[in-house]
1. Can you confirm whether the stretch 164-185 contains a residue that is over 28 Å from Leu109 (Cβ atoms) and within 16 Å of ligand 2 (Cβ to nearest atom)?
2. Within the stretch 149-156, does at least one residue satisfy the condition of being away from ligand 1 (no atom under 16 Å from the Cβ), open to solvent by 30 Å² or more (accessible area, probe 1.4 Å) and in contact with a strand residue (DSSP E or B) (Cβ under 7 Å, 6 or more places away or on another chain)?
3. Is one or more of the residues making up the stretch 76-89 within 16 Å of ligand 1 (Cβ to nearest atom), within 30 Å of Pro244 (Cα to Cα) and open to solvent by less than 10 Å² (accessible area, probe 1.4 Å)?
4. Of the conditions (1) closer than 24 Å to Val12 by Cα; (2) free of Cβ contacts under 8 Å to residues at least 60 places away in the same chain, Leu213 fails just one. Which one is it?
5. Here are Gly218, Gly224: which of them is in contact with a strand residue (DSSP E or B) (Cβ under 6 Å, 6 or more places away or on another chain) and in the same structural domain as Glu21 (by TED's automatic domain parsing)?
6. Does the stretch 1-53 hold any residues that are touching a Gly at 6+ places or on another chain (Cβ under 8 Å), within 12 Å of ligand 1 (Cβ to nearest atom) and open to solvent by 30 Å² or more (accessible area, probe 1.4 Å), and which are they?
Amino acid sequence: MNGTDRITLTDVTFRYDEAPEPALSGISAAVHPGEFVAVLGHNGSGKSTLAKLINALYLPTEGNVVVCGYDTRKEELVWEIRRRAGMIFQNPDNQIVATVVREDVAFGLENLGVPTDEMIPRIESALSTVRMNRFENSAPHTLSGGQKQRVAIAGILAMEPSVIIADEATAMLDPSGRKEVLETVRMLNRQKGITVVWITHFMEEAALADRVLVITGGKIQAEGAPREVFDRVEEMRKMHLDVPHMTALADQLRSEGMPLPSGIMTVDDMVREVSRLLCPSKSVT
Ligand SMILES: Nc1ncnc2c1ncn2[C@@H]1O[C@H](COP(=O)(O)OP(=O)(O)OP(=O)(O)O)[C@@H](O)[C@H]1O
Ligand SMILES: [Mg+2]
């Protein structure tokens, strides 16, 4: 991780061919090295378009996208950008290309021309980091959705990325798969300093981010720490977005006259604040 691992979008507008309106307009944003940024927005707001601009799958119609010091407009840098900023998509089945897990993880390395003797330790290390080494000889179709997503993450990790962009990577998973994939990516962020752009519809996932960006109609409408952004409950609802359940409950209790402070997002926050009100002598600060 170093200073050039930043992602910077400057006055970015993107218009699909023949679309009457741009999908994104006037976006300026930065994601700092080692940050975990969640991107929220209702359907069609432009989240996937943003992810594809960062991964150089699309080029901005106007403005610039710079990933790890590389401008995505420079065609000769596209593969370097994709190696450094790996992307996980929603459907785990669409990301599996091989019939054996280890070959699937090898795929990206083969494309990069990494020599075989270097590939083997990289594959082993990537699979063990996502705790999928036991399955290295398994057929991907025998795995759960969460396990398939972890194999996809291993494929990215083997390429030694600085950034992971996850476009609703947990949307098709059951609650346990969702938890294992989110925990894997959070661990990579915390322990390896990998920068994460986490697009999600799940407010409880966004609550764990360092920072939240909210996109509506192709523009950034709100930005800040999750506690600050989610406390703007009415504004979020106007953008057809929810807030974490405990934030909504706190808002409702406050409107009934209960003097709860702002910034409640989790069950633990709620238990602490309600205990403080009901049994002040017992509360721990
Ligand atoms: N290939 C395409 N061609 C034309 N328009 C597109 C294309 N892909 C997306 N769009 C339009 O661009 C806008 C932004 O789409 P995008 O997929 O980025 O939204 P999103 O926030 O990811 O939505 P979702 O939550 O449904 O995944 C939408 O109006 C969408 O209809
Ligand atoms: Mg999308």
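The values are calculated or read from the model by the stated rules, or taken from the named source; none is laboratory data. Computed from a prediction, not measured in an experiment: that's the story for all the values here. Virtual Cβ from ideal backbone geometry, glycine too; neighbours counted across all protein chains shown. Remember, those area values only see protein heavy atoms, side chains included, never the ligands or the DNA or RNA. Shrake-Rupley method; radii C 1.70, N 1.55, O 1.52, S 1.80 Å.
1. no
2. No: the stretch 149-156 contains no residue that is away from ligand 1 (no atom under 16 Å from the Cβ), open to solvent by 30 Å² or more (accessible area, probe 1.4 Å) and in contact with a strand residue (DSSP E or B) (Cβ under 7 Å, 6 or more places away or on another chain).
3. yes
4. Here Leu213 meets the rest and fails (2).
5. Gly218
6. Of everything in the stretch 1-53, those that are touching a Gly at 6+ places or on another chain (Cβ under 8 Å), within 12 Å of ligand 1 (Cβ to nearest atom) and open to solvent by 30 Å² or more (accessible area, probe 1.4 Å) turn out to be Glu21, Pro22.
Results for (1) modelled with pLDDT under 95; (2) within 16 Å of ligand 1 (Cβ to nearest atom); (3) within 13 Å of Met87 (Cα to Cα); (4) among the small types (Gly, Ala, Ser), shown as yes or no for each residue.
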{"position": "Glu136", "(1), (2), (3), (4)": "no, no, no, no"}
{"position": "Pro175", "(1), (2), (3), (4)": "yes, no, no, no"}
{"position": "Trp198", "(1), (2), (3), (4)": "no, yes, yes, no"}
{"position": "Glu204", "(1), (2), (3), (4)": "yes, no, no, no"}
